[in-house]
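Step one of this worksheet: look at the structure below.
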Amino acid sequence: MKTPLVSIALCSYNGEKYVAEQLESIITQTYENLEIIVLDDCSTDSTPEIVRAYQARDPRVSLYRNEHNLGFNKNFERAVSLATGRFIAISDQDDVWEPNKIQVLIDNIKDAWLIFSNSQYMEADGTRTERKLLKDFSLTGRNFKMLLLNNFVTGHTSMFTRELLDHALPFPDAGFYDWWMGFVALYHNRLAYVDRVLTRYRAHDGAVTSKSRLSPGEKHSYYFEMMCSQLSTFVAYPELQVKDRSYVERLNRALTLKRIRFSLPLFRMMLKDYDDLFSLIKRRKGLSRFNFARRFARAETKYA
């Protein structure tokens with residue numbers, strides 16, 4: 001039986017230090033029916049030359065270059081538009097895939113629109129660590145509220161179907177494309193998770209998720225702005241049911257209010273919906289939840 005084509009969308013930008021190792025882990029996948037699309041967003045280093053060398057070795061590799069810098073989300077959206085496979089897997093330029101990654105995702109996606117897995121951190125020099133991205137994680141009982149303020153769907157672990165794109169395109173200019181796609185898939189109950197480490201995620205200062213140089217106050221401000229930005233995209237999702245849109249709008253107003261003062265509406269929502277909104281954080285009851293809600297609703301000026 002012929003295996004379905006899987007497109008790999010790899011967006012690159014000044015990735016000369018690590019992109020060869022990542023490409024090597026992709027072309028040696030046990031699942032061989034791949035097209036590997038590398039879309040370079042105006043790199044000024046030797047990234048394009050490295051990719052061309054792999055293109056000469058393997059006809060499955062194609063290199064495209066933007067005429068001008070598109071930025072993170074729109075570069076990925078263009079890469080997806082170039083894909084012809086039934087499934088599309090996302091690749092960062094600096095990670096390393098386990099050899100059976102695509103095969104495991106294919107075997108487990110079933111009727112989901114998007115499937116993601118766990119990943120394990122490694123140092124910039126490739127040294128493995130014991131730290132995993134998700135700890136004791138399960139999708140059981142989760143609903144869309146759990147992705148409103150926190151993201152557990154990471155692009156570098158994901159593969160999705162073309163059907164998802166029918167509901168998720170165009171990608172918003174703001175926020176993160178993987179958070180957006182995870183939200184859309186979960187909202188339609190078409191999100192799947194396989195509890196296996198299939199990607200080694202490289203932690204270095206240039207990585208998208210690296211905030212190691214920020215002070216505690218700067219980190220807080222960064223995550224607050226990230227939540228506000230992402231929530232504004234969810235409010236605009238055209239397929240939200242009326243009651244769900246009302247909830248997201250209410251949360252968005254409550255969160256925005258804390259820019260200027262303590263947000264009592266946000267405090268109340270944290271008390272009532274903590275288990276849904278903060279599923280990745282430890283369970284809290286009673287006084288512990290009260291204190292968390294009070295801190296979370298505090299005016300942003302308190303952190304300046």
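For the stretch 125-181, the set of trypsin sites (Lys or Arg not before Pro) satisfying both a DSSP loop assignment and a count of at most 16 other C-beta atoms within 10 Å is given as Lys135. Using only side-chain charges placed at the Cβ, +1 for Lys and Arg and -1 for Asp and Glu, the dipole size of the stretch 227-271 relative to its Cα centre rounds to 300 debye. Among the GluC sites (Glu not before Pro) in the stretch 3-92, those located in a DSSP loop and surrounded by at most 12 other Cβ atoms within 10 Å of their own Cβ are Glu32, Glu67. Summing +1 for each Lys or Arg and -1 for each Asp or Glu among the other residues whose beta-carbon sits under 13 angstrom from that of His156 gives -2.
A cut-off under 14 angstrom between Cβ atoms defines the neighbours of Phe76, and their net charge, with Lys, Arg +1 and Asp, Glu -1, is -4. For the stretch 216-303, a simple Cβ point-charge model (Lys and Arg +1, Asp and Glu -1, everything else neutral) yields a dipole of about 580 debye relative to the Cα centre.
A cut-off of 5 Å between modelled amide H atoms, ignoring neighbours fewer than 5 places along the same chain, links Ala299 with Phe262, Ser263. Computed from the C-alpha gyration tensor, the three semi-axes of the ellipsoid equivalent to the stretch 170-287 are 24, 21, 17 Å, from longest to shortest. Couplings 3J(HN,Hα) for the stretch 191-202, derived from phi with the Karplus relation 6.51 cos²θ - 1.76 cosθ + 1.60 (θ = phi - 60°), are 10, 10, 9, 10, 7, 9, 7, 10, 9, 9, 8, 8 Hz, where x marks Gly and Pro. Counting beta carbons within 10 Å around each of Met226, Met122 and listing the fewest first gives the order Met226, Met122.
Reported to the nearest whole Å, the Cα centre-to-centre distance from the stretch 24-69 to the stretch 127-152 is 30.
Taking amide H atoms as placed 1.01 Å from N in the peptide plane, the amide H of Asp45 lies under 5 Å from those of Asn14, each 5 or more residues away in sequence or on another chain.
Residues whose amide H comes within less than 5 Å of that of Tyr193, counting only those at least five positions distant or on another chain, are Phe116 (H built at 1.01 Å from N in the peptide plane). Counting neighbouring beta carbons within 10 Å and listing from fewest to most, the residues Ile106, Ile281 come out as Ile281, Ile106. This ranking places Val242, Val104, Val19 by how few other beta-carbon atoms lie within 10 Å of each, fewest first, which gives Val242, Val104, Val19.
Bear in mind that the values in this text are calculations on the coordinates, not laboratory data. It should be emphasised that the depicted structure is a prediction, and the values quoted were computed from it without experimental measurement. Positions of Cβ are backbone-derived with ideal geometry, glycine not excepted, and every protein chain shown enters the neighbour counts.
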